[in-house]
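In what follows, a single structure is set out as structure tokens and then discussed.
The values are calculated or read from the model by the stated rules, or taken from the named source; none is laboratory data. Since the structure is predicted, the reported quantities are computational estimates derived from the model, not experimental observations. We place every Cβ from the backbone using ideal geometry, glycine too, and count neighbours over all the protein chains shown.
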């Protein structure tokens with residue numbers, strides 16, 4: 001007998017549950033996409049520089065593509081945050097070669113000029129430490145697949161300073177900092193956080 005009284009109660013409860021409005025998943029906020037980078041903001045696009053003189057030579061320039069920015073690294077052994085290489089990094093309308101005053105064509109929507117207080121030769125011996133040629137792309141740098149960088153050009157090495165131009169998709173925010181033996185320039189892909 002008990003068996004017959006339980007079944008109608010279960011059926012009655014099931015029928016009553018059918019009248020309740022279902023809860024939809026759309027009411028809850030969507031979860032953050034897995035692997036979406038949290039890009040830094042607030043770098044700005046105004047000139048960045050520091051004053052420091054030195055005679056340590058530039059030995060290499062390399063680039064790297066990151067989820068939030070493209071990176072240019074200038075290798076200047078013997079420098080650090082405590083003993084920095086002087087630099088001046090800013091956007092220019094035209095890259096003008098130091099000493100000669102000749103314009104150096106750089107492809108892109110904007111041109112970032114990087115001047116580092118490090119010659120492309122060893123001051124002690126006069127031997128070339130970074131084998132680049134004025135007006136030519138930076139040796140060994142391949143920008144295929146980069147989102148922000150469009151071109152690189154060596155402008156000059158004159159009076160202990162090396163001048164480089166980087167073609168950028170648009171005038172985007174950038175930061176400059178130093179690590180042991182390296183001056184790092186990061187240019188963001190966008191002005192805001194990474195799109196979701």
Selection count where residues are in contact with a strand residue (DSSP E or B) (Cβ under 6 Å, 6 or more places away or on another chain), assigned to a loop (DSSP other than H, G, I, E, B) and either in contact (Cβ under 8 Å) with a residue 40 or more places away in the chain or surrounded by 22 or more Cβ atoms within 10 Å (Cβ to Cβ) (or both), scope the range 131-168: 6
Residues of the range 169-189 that turn out to be closer than 14 Å to residue 71 by Cα and not in a strand (DSSP E or B), as a count: 4
Breaking point among (1) at pLDDT 50 or above; (2) surrounded by fewer than 12 Cβ atoms within 10 Å (Cβ to Cβ), for residue 6: (1)
Matching residues in the range 52-62 - criterion: being surrounded by fewer than 16 Cβ atoms within 10 Å (Cβ to Cβ) and more than 16 Å from residue 80 (Cβ to Cβ): 62
Identity of the residue in the range 114-130, assigned to a loop (DSSP other than H, G, I, E, B) and surrounded by 13 or more Cβ atoms within 10 Å (Cβ to Cβ), that ends up farthest from the chain's Cα centre (by Cα): 123
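Filter the range 93-112 down to residues that are part of a strand (DSSP E or B) and within 18 Å of the chain's Cα centre (by Cα) and give me whichever is surrounded by the fewest Cβ atoms within 10 Å (Cβ to Cβ).
Here the answer is 110.
Of the residues 183, 172, which single one is over 22 Å from residue 86 (Cβ atoms) and either touching a residue at least 40 places away in the same chain (Cβ under 8 Å) or within 13 Å of the chain's Cα centre (by Cα) (or both)? Break it down into steps so the answer makes sense when it comes.
Details: 183 fails: over 22 Å from residue 86 (Cβ atoms).
Step by step, each of 183, 172 is checked, and only 172 is over 22 Å from residue 86 (Cβ atoms) and either touching a residue at least 40 places away in the same chain (Cβ under 8 Å) or within 13 Å of the chain's Cα centre (by Cα) (or both).
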